[in-house]
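Comments concern the structure below.
Derivation of every value follows stated rules applied to the coordinates shown; laboratory data play no part. These numbers were taken from a predicted model, which means no experiment stands behind them. Don't worry about glycine lacking a Cβ; one is built from the backbone with ideal geometry, like all the others, and counts go over all protein chains shown.
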Amino acid sequence: MSRLGAFNSPLLLGFEHFERILDQAAKVSGEGYPPYNIEQMGENRLRITLAVAGFTDDDLAVTVEDNQLVIRGRQRDDGAERVFLHRGIAARQFQRAFVLAEGIEIVRASLDNGLLNIDLERHLPEPEVRTIKIEKSGPKAKAAKTLAEKTIDIAPD
């Protein structure tokens, strides 16, 4: 994988994960089926709506795989029972994937009038401040550590 210019800085440690996410987003299919909308429903809420006319809830699968929301559709073939004089409604299978940022959770999925609605919510983490203990090092610290390891505490009877 080639490194992006923004991630080459020695000050950005551990951002390889973001680089992989950007690669995944770039590889997501550019196919336009099924069409979809993404709308902001509130400050921390989103809704993805896919036009899936002709699909039932049994024909659809919504999963989260790693950091991707994946929607798959596959209609059961009942062609033996039906005779079409013209078939202009797309009934092909599909897979549509969306890369999710950290902290995004799927709240619900619902199917209404041929529209699959998927509600997402971002949970904002509370700011966390940690203090890191600085250990002493050098010759004096090593001597003190060695002395502490050789000291035996005896409790009086």
Using only Cα atoms, locate the centre of the range 81-116 and the centre of the range 33-61, then give the distance between them in Å, rounded to an integer.
-> 7
Modelled label-to-label distance, residue 154 and residue 70, 7 Å Cα→beta-carbon offset: nm?
-> 6.8
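Can you compute the FRET efficiency between residue 123 and residue 56 using 1/(1 + (r/R0)^6), with r the Cβ-Cβ distance and R0 = 22 Å? Round to the nearest 0.05.
The formula returns an efficiency of 0.10 here.
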Ascending count of other beta-carbon atoms within 10 Å, so fewest first, for 48, 89 | 89, 48
